[in-house]
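The values are calculated or read from the model by the stated rules, or taken from the named source; none is laboratory data. The shown structure was predicted, so the numbers you read here are calculated from the model rather than taken from an experiment. Here Cβ is always computed from backbone atoms with ideal geometry, including for glycine, and neighbour counts include all displayed protein chains.
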Amino acid sequence: MSRVLDKLAAVFGTEVVATHSDFGDDTALVRRDRIVEILVFLRDDPDLLFDFAMDLTGVDHYGEEPRFEVVYHLYSLEKKHRVRIKVRLPEDDPAVDSAVTVWPTLNWYEREAYDMYGIIFRGHPRLTRILMYEGFDGHPLRKDYPKEKRQPTIGPEE
Amino acid sequence: MTHRKDGAPGYLLSTLDALVAWGRKYSLFPLTFATACCGIEVMGALGTHYDLSRFGAEVVRFSPRQADVLLVAGTVNYKMAPVLRRIYDQMLEPKWVISMGACACSGGFYNNYTVLQGIDKIMPVDVYIPGCPPNPEGIIDAVVQIQKIIETGAPRAAERWPGTR
């Protein structure tokens, strides 16, 4: 395992469910309960210093349980290394603590994941739709969203 | 009309409507609502090579209150649909609508959750231009079709539009 994953596993122990470094990309699947704590550690530890949250995406593993997944892509401008943190969320409670307090840039990414997948980020300052409009029904990137579904066309707002 | 050179002014019998239509058809002010690659073809049609001004439609107005023809060129999604409808409502009568390209006509290949499946879902359309994107010749042909509608006094699509006017 890599240095980053070793350190993460050493500090958080059973919180880290699985790790791999396929194709040189360090990846860790962690439990969701202490996700903010893990992210703060990754940001502040002097050996890791992941100061740049590059991306946050949702994934829908339709048919599996837990169904949803949130992926954090982190980069350290100081150390020039990367890590990918994954969290799995069950279908009946797709919620995870918001990481906006850790990296403010994740604000819009979390809104996008909420908009597209319906993943709830607890403690987000303003968890509303960001790409679709407010009258939109459903979350379009879920695998069970009907492809042929048409949304009501909204009129000019007065 | 006489053609003798006797100094007397000639005259031409017509109706006021026909005279107004004649003037109107050579002074179309288009508003280009270009949201995608069709807008590039509109630029080509307005440029020197194809020169849409030969048909009296070169004065592009970006204020809907000054435009006669709404040229919708490109993909319109559900979020943009109310904006487009408002622009249409802001145009003064009489007004015509050209739907340019596969996306504006039918949604094109964007058969998905976000794209309006044809702008005729929200507004009357007089002339459709097929193609992805259409040639500048298509735009010129559409303008000529609009001129024919004006010249013949054929009902505009807005007069057949259900429910509005």
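Per-residue answers, yes or no, for (1) of a type in the set (G, A, S); (2) modelled with pLDDT of 90 or more:
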| site | (1), (2) |
| --- | --- |
| A:L8 | no, no |
| A:T14 | no, no |
| A:D26 | no, yes |
| A:L29 | no, yes |
| A:R43 | no, yes |
| A:L48 | no, no |
| A:A53 | yes, yes |
| A:V59 | no, yes |
Legend entry - Test set (1) closer than 20 Å to B:M43 by Cβ; (2) touching a residue at least 60 places away in the same chain (Cβ under 8 Å); (3) touching a strand residue (DSSP E or B) at 6+ places or on another chain (Cβ under 6 Å) - B:W96 fails condition number: (1)
Inset, instruction - Please enumerate the residues belonging to the range B:88-114 that are buried (at least 16 other Cβ atoms within 10 Å of the Cβ) and more than 14 Å from chain A (Cβ to nearest Cβ). - result: B:K95, B:W96, B:V97, B:I98, B:S99, B:M100, B:G101, B:A102, B:C103, B:A104, B:C105, B:G108
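Residue-by-condition table, conditions (1) at pLDDT 85 or above; (2) closer than 30 Å to A:I130 by Cβ; (3) under 14 Å from the mean Cα position of the chain (by Cα):
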{"residue": "B:H3", "(1), (2), (3)": "no, no, no"}
{"residue": "B:K25", "(1), (2), (3)": "yes, no, yes"}
{"residue": "B:T48", "(1), (2), (3)": "yes, no, no"}
{"residue": "B:L52", "(1), (2), (3)": "yes, no, yes"}
{"residue": "B:D68", "(1), (2), (3)": "yes, no, yes"}
{"residue": "B:N77", "(1), (2), (3)": "yes, yes, no"}
{"residue": "B:A81", "(1), (2), (3)": "yes, yes, no"}
{"residue": "B:L84", "(1), (2), (3)": "yes, yes, no"}
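Would you mind finding the one in B:V72, B:V42, B:V20, B:V60 that is within 28 Å of B:V115 (Cβ to Cβ), part of a helix (DSSP H, G or I) and of a type in the set (A, V, I, L, M, F, W, C)?
Matching residue, one of B:V72, B:V42, B:V20, B:V60: B:V42.
Taking the condition of being among the basic types (K, R) and at pLDDT 85 or above, how many residues in the range A:128-152 meet it?
Filtering the range A:128-152 down to residues among the basic types (K, R) leaves A:129, A:142-143, A:147, A:149-150.
Among the residues that remain, those that are also at pLDDT 85 or above are: A:129, A:142-143.
Within the range A:128-152, residues that are among the basic types (K, R) and at pLDDT 85 or above number 3.
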Inset, instruction - Please determine, by comparing only the residues of the range B:126-164 that are out of contact with any Gly (no Cβ under 9 Å at 6 or more places or on another chain) and among the β-branched types (V, I, T), which one is nearest to the other protein chains (Cβ to nearest Cβ). - result: B:T164
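Which is touching an Asp or Glu at 6+ places or on another chain (Cβ under 6 Å) and of a type outside the set (G, A, S), of A:I119, A:I130?
Numbers: A:I119 fails: touching an Asp or Glu at 6+ places or on another chain (Cβ under 6 Å).
None of the other options fit; the residue is A:I130.
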Legend entry - Pair list, Cβ < 7 Å and 6+ apart or interchain, from the range A:8-25 residues that are under 18 Å from A:E37 (Cα atoms) to residues that are charged (D, E, K, R): A:E15/A:R31; A:E15/A:R34; A:V17/A:R31
Inset, instruction - All but one of (1) more than 23 Å from B:A154 (Cα to Cα); (2) more than 10 Å from every other protein chain (Cβ to nearest Cβ); (3) touching a strand residue (DSSP E or B) at 6+ places or on another chain (Cβ under 6 Å) hold for B:N77, so report the exception by its number. - result: (2)
Inset, instruction - Just one of (1) touching a residue at least 60 places away in the same chain (Cβ under 8 Å); (2) touching a Gly at 6+ places or on another chain (Cβ under 8 Å); (3) more than 14 Å from chain B (Cβ to nearest Cβ) trips up A:F68, so point out which. - result: (1)
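Given the structure, is A:D97 among the charged types (D, E, K, R) and touching a helix residue (DSSP H, G or I) at 6+ places or on another chain (Cβ under 6 Å)?
Values: among the charged types (D, E, K, R): yes; touching a helix residue (DSSP H, G or I) at 6+ places or on another chain (Cβ under 6 Å): yes.
Considered against the rule, which asks whether it is among the charged types (D, E, K, R) and touching a helix residue (DSSP H, G or I) at 6+ places or on another chain (Cβ under 6 Å), A:D97 comes out as yes.
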Inset, instruction - Please state which of the following conditions A:T128 fails to meet, knowing it meets all the rest: (1) closer than 24 Å to A:L29 by Cβ; (2) assigned to a loop (DSSP other than H, G, I, E, B); (3) of a type in the set (S, T, N, Q). - result: (1)
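When you look at B:M123, is it more than 24 Å from A:Q151 (Cα to Cα), touching a residue at least 12 places away in the same chain (Cβ under 8 Å) and within 14 Å of chain A (Cβ to nearest Cβ), yes or no?
Details: more than 24 Å from A:Q151 (Cα to Cα): no; touching a residue at least 12 places away in the same chain (Cβ under 8 Å): yes; within 14 Å of chain A (Cβ to nearest Cβ): yes.
No, not satisfied.
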